[in-house]
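To start, the structure under review is shown below, and the notes come after it.
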Amino acid sequence: MAPSPQPRATVPVQVAAGGSGSSSSFSSPFAPPARDYTQDLPDDILALVFASLSPIDRSACSLACARWKEVDAATRHRLSLDARAGLGHAAPALFVRFAAVTKLALRSSRGSGADSVADDGAAAVAAALPSDRLARLKLRGLRKLSDTGLSSLAAAAPALRKLSVASCTFGSKAFVAVLQACPLLEDLSVKRLRGLPDTAGSATSITEEIKFPQALSLRSVCLKDLYSALCFLPLVVSSPNLRSLKILRCSGAWDLPLEVITARAPGLVELHLEKLQVGDRGLAALSACRNLEVLFLVKTPECTDSGIISVSEKCHKLRKLHIDGWRTNRIGDFGLMAVARGCPDLQELVLIGVNPTVLSLRMLGEHCRTLERLALCGCETVGDAEIICLAERCAALKKLCIKGCPVSDRGMEALNGGCPSLVKVKLKRCRGVSYECIENLKVTRGDSFSISLDIVLEHDAGSASENGVHETGEAQITELSDQIASMDLPTNAAGSQSSMHTINRFRSVVSAIRRRFCNTQPQ
């Protein structure tokens, strides 16, 4: 009996259309198709595909064919350019192709700042810009650009709504031309300018020297890392409709400027103060802002309970309050109790280096019925009694973060029956909490509840290897648990016995690692 023929590998056959009869030819599996089916896609669908790509992939795809290049150019609204000296020569061709750009970023890397575009190049870019479309402009590291260059760019973008500059060399006078040329400007961010004069903390003379036009449309101003940010005080006070103000890591005394700002812009809704020389007098000035909803006080060591009390007595709409006390212990129970009494709509409270006790936490739970997010970091007085108080009083709490606080299993077990809305808990450097307690909370509260514990052991010198072993053990626990959860169990009996034996071995390893690493207590 003849053996049955063995199956042969098939080769794809391409049928050529057209002509009389039919002809077939053998081709490679990687040969292009007979026709390009992407040509059937409308331009709108193709534009949606391009929008989902990364900038590098989109640029590569735009060179595939003439149609893709046209669709990409007609629908590309964001463009980021390396702003070297030769950009002025390439600008006309660039903006003829990308005529739909509404967001433009001119960047110069830190090492090439000396070769960045200068005033003449900025003028060439301004002449080629789609002036009726550009709404956002970002300038980074343009060290050769002066007041004249910024003025030319602003004059070419009358529809500009957002301007962000950082690490440039022009001064505050350049923004006078910006406000004059861009009446629709809403958002201004200024960071690390190098062309500012040394004001030595004086604000009166600057106000008389620089006259900014009234900026009725300006809603948000951010001043960051400026050694003479007081130069922008006239700009801020010329914005009566200002809603958001961020002053971050700027030099100078800010008590008096805040009084001037809040008197001219009482409609402030959001205020961020970080690493500033500001005290209770500046906080008392915020009482003029009755619509204040968001307040960040980060590392302002001169602020005390008195300033927080003055804010809470007038700003009853406060929703978010972040306080980084920098372990100065000048803000505590008295200030927080005033917040509880005066801000019933509080939804988010972050305390770093602040030491609340049961007194203030009880009042926060009773009066702030909408408190949903609470973070307690580096609070030396937050122990089991405070967590039990939160579990009993904060019915609306959804997210809780505890970091570096002396809490233990006793306090965390109160969350089993308290805080019915709680869905997420994050613990870090809480060495009194065990993993067994965490597992019990997970089981008790169900699958919709998420909790994480990150223990960082702090031993004396020479114990760095123990920390490494502990972190390794914790990583192994996570890895092994994931492996167990993802295992596929066989259906036959023999495979089931083998699988159960493997699972039992995994469980024994997990238990050994828990005993060895996770329950290690500091000596």
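What the table below lists for this structure:
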quantity	calculated
Residue ID - least open to solvent (accessible area, probe 1.4 Å), chosen from residues in region 121-135 that are of a type outside the set (A, V, I, L, M) and more than 13 Å from residue 81 (Cβ to Cβ)	130
Test for residue 440: is it open to solvent by 80 Å² or more (accessible area, probe 1.4 Å) and at pLDDT below 95	yes
Looking only at region 225-241, and only at residues there that are assigned to a loop (DSSP other than H, G, I, E, B) and under 20 Å from residue 298 (Cβ atoms), the one that is least open to solvent (accessible area, probe 1.4 Å)	226
Test: residue in region 128-146 that is closer than 16 Å to residue 92 by Cα, polar (S, T, N, Q) and in a loop (DSSP other than H, G, I, E, B)	yes
Pick from region 69-82, criterion of a type in the set (D, E, K, R) and farther than 18 Å from residue 126 by Cβ, ranking: most open to solvent (accessible area, probe 1.4 Å)	78
Residue count, region 119-165 (criterion: hydrophobic (A, V, I, L, M, F, W, C) and within 20 Å of residue 193 (Cα to Cα))	10
Residues within region 280-297 that are small (Gly, Ala, Ser) and in contact with a strand residue (DSSP E or B) (Cβ under 9 Å, 6 or more places away or on another chain), tallied	1
Residues located in region 419-430, provided they are of a type in the set (Val, Ile, Thr) and in a loop (DSSP other than H, G, I, E, B)	423
Qualifying residue in region 355-373 (condition: touching a Ser or Thr at 6+ places or on another chain (Cβ under 8 Å), buried (at least 19 other Cβ atoms within 10 Å of the Cβ) and part of a helix (DSSP H, G or I))	no
Failed condition for residue 42, given (1) farther than 17 Å from residue 98 by Cβ; (2) in contact with a Phe, Trp or Tyr (Cβ under 8 Å, 6 or more places away or on another chain); (3) modelled with pLDDT of 80 or more	(2)
Segments classed as helices (runs of 4 or more DSSP H), wholly inside region 259-352, with at least 2 members that are closer than 17 Å to residue 371 by Cα and either open to solvent by less than 50 Å² (accessible area, probe 1.4 Å) or not aliphatic (A, V, I, L, M) (or both)	333-342
Residue satisfying condition, being open to solvent by 40 Å² or more (accessible area, probe 1.4 Å), more than 34 Å from the chain's Cα centre (by Cα) and modelled with pLDDT under 90, within set 85, 99, 66	66
Only one of 152, 146, 131, 116 that is within 27 Å of residue 223 (Cα to Cα), in contact with a strand residue (DSSP E or B) (Cβ under 8 Å, 6 or more places away or on another chain), of a type in the set (S, T, N, Q) and without any contact (Cβ under 8 Å) to a residue 60 or more places away in the chain	116
Residue selected from region 188-209 under the condition surrounded by fewer than 17 Cβ atoms within 10 Å (Cβ to Cβ) and in contact with a Lys or Arg (Cβ under 8 Å, 6 or more places away or on another chain), by the criterion modelled with the lowest pLDDT	194
Residues (touching a helix residue (DSSP H, G or I) at 6+ places or on another chain (Cβ under 6 Å) and in a loop (DSSP other than H, G, I, E, B)) located in region 394-418	394, 407, 418
Selection count where residues are among the aliphatic types (A, V, I, L, M) and assigned to a loop (DSSP other than H, G, I, E, B), scope region 158-192	4
Criterion: under 28 Å from the mean Cα position of the chain (by Cα) and of a type in the set (Lys, Arg) - qualifying residue of 144, 138	138
Filter result for residue 120 (more than 25 Å from the chain's Cα centre (by Cα) and within 25 Å of residue 162 (Cα to Cα))	yes
Contacts under 8 angstrom Cβ, first residue in region 311-337 being more than 15 Å from residue 284 (Cβ to Cβ), partner basic (Lys, Arg), 6 or more apart	316/290; 317/290; 324/299; 326/299
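The values are calculated or read from the model by the stated rules, or taken from the named source; none is laboratory data. Quantities reported herein were computed from a predicted structural model and do not represent experimental measurements. Here the Cβ is made from the backbone with ideal geometry for all residues, glycine too, and neighbour counts use every protein chain on show. In case anyone asks, the SASA skips ligands and DNA or RNA and just uses the protein heavy atoms, side chains included. Shrake-Rupley method; radii C 1.70, N 1.55, O 1.52, S 1.80 Å.
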